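Please treat every number below as a calculation from the coordinates, not as lab data. No experiment lies behind these values; they were computed from the predicted model shown. As a convention, Cβ positions derive from the backbone with ideal geometry for all residues, glycine included, and neighbour counts pool all protein chains shown.
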Amino acid sequence: METRYRTFKEFYPFYLREHANSTCRRLHFAGSSIVLLLVAAAMVTGELGLLWLLPLVGYGFAWIGHFFFEHNRPATFQYPLFSLMGDWVMFRDMLTGRVAW
C-alpha cells in the first residue's frame, strides 16, 4: 500500500530519502540557485521574458538528477506542492549544513 502524505512535515523525510544521491542534491541546488538569479535578473533588468526559463531550469536540473543519478521518479508528479516546498527547504538545509552536499 502506498503512503499518502497529508502534511509537509510527514512528507519531508520521504523527500530527503528520494534525494539520497549527492549529485542529485547538488543538481537541485544548482537549479534553485539559477532560478533565484533569473528572478533577480528579471527584476533588475525588467526583462520579464526571463521568467519563462524558470520551470525549464528548475525542473531541468532536478529531473536530470533523478533520472540519471538517483534513478527514481521525481516527487513532483505525485506531490507537486510538497515537492516544490521540499526543494526550497532542502536548499536552505544545504546552505545551513543540515543536509550534506
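The string of couplings for the range 72-82 from the Karplus curve (6.51, -1.76, 1.60, θ = phi - 60°) is 9, 8, x, 5, 3, 5, 9, 10, x, 6, 4 Hz, one whole number per residue in order, with x for Gly and Pro. Using C-alpha pairs below 8 Å separated by at least 6 residues, the relative contact order for the range 26-101 is 31 percent.
Sparse packing (at most 11 other Cβ atoms within 10 Å of the Cβ) combined with a DSSP loop state is found for the following trypsin sites (Lys or Arg not before Pro) in the range 8-101: 98.
Computed over the chain, the quotient of the alpha carbon radius of gyration and 2.2 N^0.38 Å is 1.11.
Which angle between 0 and 90 degrees, to the nearest 10, do you get for helix 22-45 versus the longest principal axis of the chain when only C-alpha atoms count? It is inclined by approximately 30 degrees. Dividing the convex hull volume of the alpha carbon atoms of the range 1-52 by its residue count gives 121 Å³ per residue. Rounded to the nearest 20 debye, the dipole size of the chain about its Cα centre is 260 debye, using +1 on the Cβ of Lys and Arg and -1 on the Cβ of Asp and Glu.
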